[in-house]
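Single-structure report; data block below.
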Amino acid sequence: MLELIVISTLNGVLFGMLLFLLSSGLTVIFSMMGVLNFAHASFYMLGAFFGFQLTKWIGFWPALVLAPLLVGAIGMAVERYGLRNTHKHGHVAELLLTFGLAFAIEEIVSMIWGKSPVDYRVPTLLDFPAFTIFSTNYPAYKLFMLAVSIVIFVALLIVLKRTRVGLIVQAALTHPHMVGHLGHNVGRVFMAVFGVGSALAGLAGVIAGPALVTQSDMAAALGPILFVVIVFGGLGSLPGAFIASLVIGLVQTFAVALDGSLASAFGPLDPSAGPSVLTDIWNVTIAQVAPIVPYLLLVIILIVRPMGLMGTRES
C-alpha cells in the first residue's frame with residue numbers, strides 16, 4: 001500500500017504538472033483575449049510530432065528547443081491572420097475557427113505521419129532508472145519531465161509578476177486601450193501571448209511524447225481533460241489552473257491505481273437475486289470509472305461554485 005501511495009503520488013504530480021503546462025497557456029490566452037482555443041491540444045500534438053521528426057534529424061535536445069518555437073510561430077500566425085480577423089465577428093466565430101483548426105491539424109498530422117503510433121523514444125541520456133522504491137524502478141525521464149514543468153511554472157510566475165513585460169501583459173488583460181495609449185502595440189502583445197501559450201503546449205508535447213503514446217488522436221484524448229482543468233480552476237485564473245491540474249492529476253492517477261469496488265468493501269450481493277443493473281454497478285471497480293472522474297469533479301464544481309475554484313470572470 002505504501003508503494004502504491006508513493007508511486008501514484010509521483011505519477012499524479014507529474015501528470016498534473018503536464019496538464020498545467022498545457023492549461024497555463026490556454027488560461028493566459030483566455031484572460032487576455034476571451035478566446036477558448038479549441039485547437040490548443042492540437043498544438044500539443046504538433047509539438048510531439050515536431051519533436052519526433054526533429055529528433056530523428058538532429059537529436060532530442062535541439063528538438064526540445066526548436067519544436068516549441070515552431071509551434072509558437074504557428075500559434076502567432078493563427079492569431080495574426082485568423083483570430084484577429086474574426087474577432088470583430090464575436091466569440092462564436094473565434095470558437096468555430098479554432099474548432100475547425102483542430103480538425104484540420106489532426107487530418108494534416110494523419111496524412112504526414114499516419115494514424116499509427118510513431119517510434120518516439122526516450123533520449124539515451126535519460127533512459128535509466130533514477131531510483132528504486134520498494135520493487136519499482138522510477139524512470140529518470142519522468143523526473144526530467146517534472147523538473148521541466150516546475151521550471152516553466154516558476155519562470156512563468158517570475159515573468160508575469162516581476163518583469164516589465166509581465167506588467168504590460170497583465171495591464172493588457174484588463175485595460176488594453178490604456179496600454180495602447182501608453183505607446184504599446186496591443187496587437188503585438190496579443191500575438192506574442194498567443195504564441196507563448198502555443199509554445200508551452202508544444203513544449204508539453206515534446207517532453208510527453210516519449211513517455212506517452214505519440215499518435216494522431218492524442219489531442220482528442222487530452223483535449224477534454226484540458227478544458228476540465230481550466231473550468232475547474234476558474235476561467236482566466238493561473239493559480240486556479242495550477243491547483244486544478246494537480247488535483248485532477250492526483251485524483252485520476254489514484255483512481256486508475258485503485259481496484260476497489262462496492263462489492264469488495266461491503267461484500268457481494270445476494271446471488272439469488274440474479275444478474276441486474278444494480279449487480280453490475282456493485283461490481284464496478286474504481287479503476288473502471290477512472291476516465292470519468294475528472295468530469296464528475298467538473299459537474300460538482302459547477303454546481304457548488306460555477307466560477308471555478310479561483311475564477312475571476314463570469315464568462
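Specify the residue that is farthest from Ser8 (Cα to Cα); the eligible residues are those in the range 252-262 that are modelled with pLDDT under 85 and either open to solvent by less than 70 Å² (accessible area, probe 1.4 Å) or in a helix (DSSP H, G or I) (or both).
Top of the filtered list is Leu262.
Tell me the residue from Leu70, Leu64, Leu36 that is open to solvent by 30 Å² or more (accessible area, probe 1.4 Å), within 13 Å of Gly197 (Cβ to Cβ) and in contact (Cβ under 8 Å) with a residue 12 or more places away in the chain, please.
Of the residues listed, the single one that is open to solvent by 30 Å² or more (accessible area, probe 1.4 Å), within 13 Å of Gly197 (Cβ to Cβ) and in contact (Cβ under 8 Å) with a residue 12 or more places away in the chain is Leu36.
Can you say whether Ser216 is within 23 Å of Met111 (Cβ to Cβ), of a type outside the set (A, V, I, L, M) and in contact with a Gly (Cβ under 6 Å, 6 or more places away or on another chain), as far as the supplied structure shows?
Here the answer is no, as Ser216 does not meet what is asked.
Tell me which of these Thr214 doesn't satisfy, since it passes every other one: (1) part of a helix (DSSP H, G or I); (2) open to solvent by less than 20 Å² (accessible area, probe 1.4 Å); (3) of a type in the set (Val, Ile, Thr).
Going through (1) part of a helix (DSSP H, G or I); (2) open to solvent by less than 20 Å² (accessible area, probe 1.4 Å); (3) of a type in the set (Val, Ile, Thr) one by one, Thr214 breaks only (1).
Quick one: which of Gly195, Gly187 is open to solvent by less than 70 Å² (accessible area, probe 1.4 Å), assigned to a helix (DSSP H, G or I) and farther than 27 Å from Gly16 by Cα?
Gly187
Within the range 79-100, can you find the residues that are among the hydrophobic types (A, V, I, L, M, F, W, C) and in contact with a helix residue (DSSP H, G or I) (Cβ under 7 Å, 6 or more places away or on another chain)?
The answer is Leu83, Ala93, Leu97.
Assuming Ala265 fulfils every condition listed in (1) aliphatic (A, V, I, L, M); (2) part of a helix (DSSP H, G or I); (3) within 30 Å of Val28 (Cβ to Cβ); (4) at pLDDT below 80 apart from one, which condition is it?
Only one criterion is unmet by Ala265, namely (3).
In the range 128-138, what count of residues is obtained for those that are at negative phi and open to solvent by 50 Å² or more (accessible area, probe 1.4 Å)?
Of the residues in that region, 6 qualify.
Is it the case that some residue within the range 200-210 is in contact with a strand residue (DSSP E or B) (Cβ under 7 Å, 6 or more places away or on another chain) and open to solvent by less than 70 Å² (accessible area, probe 1.4 Å)?
Scanning the range 200-210 turns up no residue that is in contact with a strand residue (DSSP E or B) (Cβ under 7 Å, 6 or more places away or on another chain) and open to solvent by less than 70 Å² (accessible area, probe 1.4 Å).
Let's see how each residue does on (1) of a type outside the set (Ser, Thr, Tyr); (2) surrounded by 12 or more Cβ atoms within 10 Å (Cβ to Cβ); (3) at pLDDT below 90:
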position	(1), (2), (3)
Tyr81	no, no, no
Ala93	yes, yes, yes
Asp119	yes, no, no
Leu126	yes, yes, no
Tyr141	no, yes, no
Leu156	yes, yes, yes
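The values are calculated or read from the model by the stated rules, or taken from the named source; none is laboratory data. Note that the structure is predicted; figures quoted are calculated from it, not measured. When we count neighbours, we look across all protein chains shown, and the Cβ atoms used for this are built from the backbone with ideal geometry, even at glycine. To get the accessible areas, we keep the full protein, side chains included, count just its heavy atoms, and leave off ligands, DNA and RNA. Shrake-Rupley method; radii C 1.70, N 1.55, O 1.52, S 1.80 Å.
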